[in-house]
1. Please work out whether the stretch 72-201 counts as rounded, prolate or oblate from its C-alpha gyration tensor, where a ≥ b ≥ c are the square roots of the eigenvalues and a/c under 1.5 means rounded, while otherwise a/b larger than b/c means prolate and anything else oblate?
2. Taking a 25 Å limit on the Cα-Cα distance, which of the listed pairs LYS114/LYS161; LYS94/LYS307; LYS67/LYS265; LYS161/LYS218; LYS69/LYS93; LYS67/LYS273 fall beyond it?
3. If I model a spin label as a point 7 Å beyond the Cα along the Cα-Cβ vector, how far apart are those points for ASN157 and TRP143 in nm?
4. Given points 7 Å out from each Cα along the Cα-Cβ axis, report the ILE85 to LYS69 separation in nanometres with one decimal.
5. Which net charge results when you count Lys and Arg as +1 and Asp and Glu as -1 among the other residues whose beta-carbon is under 14 Å from that of PHE59?
6. With θ set to phi - 60° and the Karplus curve 6.51 cos²θ - 1.76 cosθ + 1.60, what are the ³J(HN,Hα) couplings of the stretch 264-275 in order, to the nearest whole Hz, using x for Gly and Pro?
7. Taking the Cβ of GLY172 as the center, what net charge do the other residues with Cβ under 15 Å away carry, scoring Lys and Arg +1 and Asp and Glu -1?
8. From the mean inverse distance of alpha carbon pairs (Kirkwood) and the Cα radius of gyration, derive Rg over Rh for the stretch 59-312.
Amino acid sequence: MSNIRTLNDYRDNQNNQNSNYQQNPPRAQAYVVGGQQNRQSQLQHQESKETCKPLKLCFYLFFPNFKLKSVTFAYVVIFLLVYIIDEIVHAAKKAQGGKNIISWACILYESGAKFTYAISKQGHLHRLFMPMFLHSGFFHIFWNIFSFFMIGFSIENSMGKWYRYATLLLIGAIGGNIFSAVIDPYNFGVGASTSLFAVLACLCTWFYLNYDRLGPMKFQYMIFFALMVCFAFLNGFLFPGSGVDSWGHMGGFLYGLALSFILLKGQDMAQQKRLDRFRVPAYLFLIVITAAFTVAMFARNLPECDKIDCAHICDR
């Protein structure tokens, strides 16, 4: 049996469609409005991205190869947290008053600052690496953070493996503190600068490896970089009362320079051969200088400690 529709059925169907049309009008207008809103939001998002581009470019210009997941960033966060904790402890001691008042220098000493008598006579070997997490004040830690952000990420990227860069930071700090302990035994030493100068020495080696690739301005780049390095050293040596541990910087730089030929990886065979040429001398230098300064540190007499009682320097 076929389906046969009468004229009345057709009229009823048309009436039903008209009633549905009146109850549910078309939504084309809504779609147009929604499309305009989406277009406006896309334009606003694009404009915000265009506005952020100069800021992002400026940020990466100052801090090239910046990465949150990096040894450089983790190291900065750690010594920043240590500084905040030391400040809180110092403030708490001052708030208690009376016999609990303790100087900021002694807060740093108790946290592990470099002090030759405590290392060589009391066996506080942790004072050879703990200073890399301690800082004497706000501007001290600010400039170290700024400097690490400027050159740390690029050197870490050149090392390839994170543990190579971590080795550079740790051994550079220990080497710098050994130098400082031998040559400047009566002052407390703190700061990430020993590690920073090891990184700076690595940057010097990087310039040596890539000098021919720096383009027509390579000589100007070299002069500018050499002046920066000289200024970093002279800042401490020309102003001995500034509180800068120049010998710690020197030790960190020398250790970093030797380590750079061991830890850096060449971008091609030619660069790798240039690094390999200095690898054995670098190992010999590290062994000899470490042995000589370690013996000197433990064997050196400290006559001034008889006057100032170095064994109880922060107990009074």
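1. Note, shape of the stretch 72-201 comes out oblate.
2. LYS114/LYS161; LYS94/LYS307; LYS161/LYS218; LYS69/LYS93; LYS67/LYS273
3. 2.6
4. Taking the two extended label points, one gets 2.6 nm.
5. Here the charged neighbours net out to +3.
6. 5, 10, x, 6, 8, 5, 5, 5, 5, 5, 5, 5
7. For residues surrounding GLY172, the net value is 0.
8. 1.00
Values in this text are rule-based calculations from the coordinates and carry no lab data. As the structure is a prediction and not an experimental result, all values here were calculated from the model. Cβ: placed from backbone, ideal geometry, glycine included. Neighbour counts: every protein chain shown.
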